[in-house]
């Protein structure tokens, strides 16, 4: 059995975990990040990086290298109901589209470049408090760390082993994602999608459509599980909302890789417990409809890094709980309420009519769901 030791152990090397590892290692701290997957990897994700991410990457010192990846740019959002009613929004600044395959690999490389050890294919099975630290174990190895931070994403078998309260609350939401390109005979669809993130809302769910790098079109949908029982996902989407069906007919799959996840938890979670700290989606995820999840994961990692570098060890859990609550809890709650309301046609239709005549209210809602 191999044994490693570190000052900081981070479980999970997605956007939050890799950002935290990079920020700590940049300050000369000994950091090990473990992830059960190998990079590059694909993930179910809207692949929309809200404008707030630019300041985060600037603070991390990698904004120029991020732009070298040639992410798509978005300055507008378009919300469309099943009947075709539409709300056009100007984003507060430029947002970006980048595949998770590219984003995760980029942030892992940044962490390694700064001196963090990132170990892939390592599925942490247990965490045990010992000798003033925490021992993490996986098949074939273990590590003793002074401080352990969990950044393993929205839902994990590790949460079950830790008996986290949210894990026993069943969620009825499922999500699917696939990459496409515009069909050669659908060039007329390009102007309406360029620099725009589309959000198609229908009874029981919604579907986001937007460009990522290299003219890839990401289609990611979240919907109630009852909509897909015994049905193919593209049959559900293609026979549902007419505007979405029209959009899908303009696309061709890049490959056959359709990703799916179930049990998407939107409940609030604890941010610290028994010497462990949680960050990113492991701490609580904002409803995907709000479009700020990846930026929030990265920003929360930078916020936690500053706390770890400046605060006494015995104050960390309470300080992190308070900081998270002040920074994120209100907008997580608002995002969840908006999602629950907007997937009901009785709400969506009049809401889009009203918001088209109340731009200040629309702008306020956008601001309240982001940093």
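The values are calculated or read from the model by the stated rules, or taken from the named source; none is laboratory data. None of the values given here were measured: they were computed from a predicted structure. We place every Cβ from the backbone using ideal geometry, glycine too, and count neighbours over all the protein chains shown.
Restricted to helices (runs of 4 or more DSSP H) entirely inside the stretch 264-371, those with at least 1 residues that are at pLDDT below 90, farther than 23 Å from residue 150 by Cα and touching a strand residue (DSSP E or B) at 6+ places or on another chain (Cβ under 6 Å) are 330-342, 345-356.
Considering the conditions (1) outside any loop (DSSP other than H, G, I, E, B); (2) within 21 Å of residue 288 (Cα to Cα); (3) at pLDDT below 95, residue 54 is excluded by exactly one of them, (3). Of the residues contained in the stretch 342-350, one or more are found to be within 25 Å of residue 97 (Cα to Cα) and touching a helix residue (DSSP H, G or I) at 6+ places or on another chain (Cβ under 6 Å). Among the residues of the stretch 137-150, is any on the phi < 0 side of the Ramachandran plot, in contact (Cβ under 8 Å) with a residue 24 or more places away in the chain and not in a strand (DSSP E or B)? No, the stretch 137-150 contains no residue that is on the phi < 0 side of the Ramachandran plot, in contact (Cβ under 8 Å) with a residue 24 or more places away in the chain and not in a strand (DSSP E or B).
Being assigned to a loop (DSSP other than H, G, I, E, B), surrounded by fewer than 24 Cβ atoms within 10 Å (Cβ to Cβ) and out of contact with any strand residue (DSSP E or B) (no Cβ under 8 Å at 6 or more places or on another chain) is the filter here, so list the residues in the stretch 1-28 that pass it. Across the stretch 1-28, the qualifying residues are 27, 28.
Within the stretch 350-371, the set of residues being surrounded by 15 or more Cβ atoms within 10 Å (Cβ to Cβ) and in contact (Cβ under 8 Å) with a residue 40 or more places away in the chain comprises 352, 355, 362, 366, 369, 370, 371.
Regarding the stretch 146-154, can at least one residue be identified that is closer than 28 Å to residue 267 by Cβ and over 19 Å from the mean Cα position of the chain (by Cα)? Yes, the stretch 146-154 contains a residue that is closer than 28 Å to residue 267 by Cβ and over 19 Å from the mean Cα position of the chain (by Cα).
Please work out which residue is modelled with the lowest pLDDT, limiting yourself to the stretch 234-263 and to residues that are surrounded by fewer than 16 Cβ atoms within 10 Å (Cβ to Cβ) and more than 17 Å from residue 180 (Cβ to Cβ). Looking at the filtered set, the residue picked out is 239. If the condition is being in contact with a strand residue (DSSP E or B) (Cβ under 7 Å, 6 or more places away or on another chain) and not in a loop (DSSP other than H, G, I, E, B), then the stretch 159-180 contributes 161, 173, 174, 175, 176, 177, 178, 179, 180. Are any of the residues in the stretch 29-43 modelled with pLDDT of 95 or more, surrounded by fewer than 18 Cβ atoms within 10 Å (Cβ to Cβ), farther than 30 Å from residue 257 by Cβ and touching a helix residue (DSSP H, G or I) at 6+ places or on another chain (Cβ under 9 Å)? For the stretch 29-43, residues modelled with pLDDT of 95 or more, surrounded by fewer than 18 Cβ atoms within 10 Å (Cβ to Cβ), farther than 30 Å from residue 257 by Cβ and touching a helix residue (DSSP H, G or I) at 6+ places or on another chain (Cβ under 9 Å): present.
Considering (1) surrounded by fewer than 16 Cβ atoms within 10 Å (Cβ to Cβ); (2) under 28 Å from residue 236 (Cα atoms), the lone condition that residue 94 does not fulfil carries the number (2).
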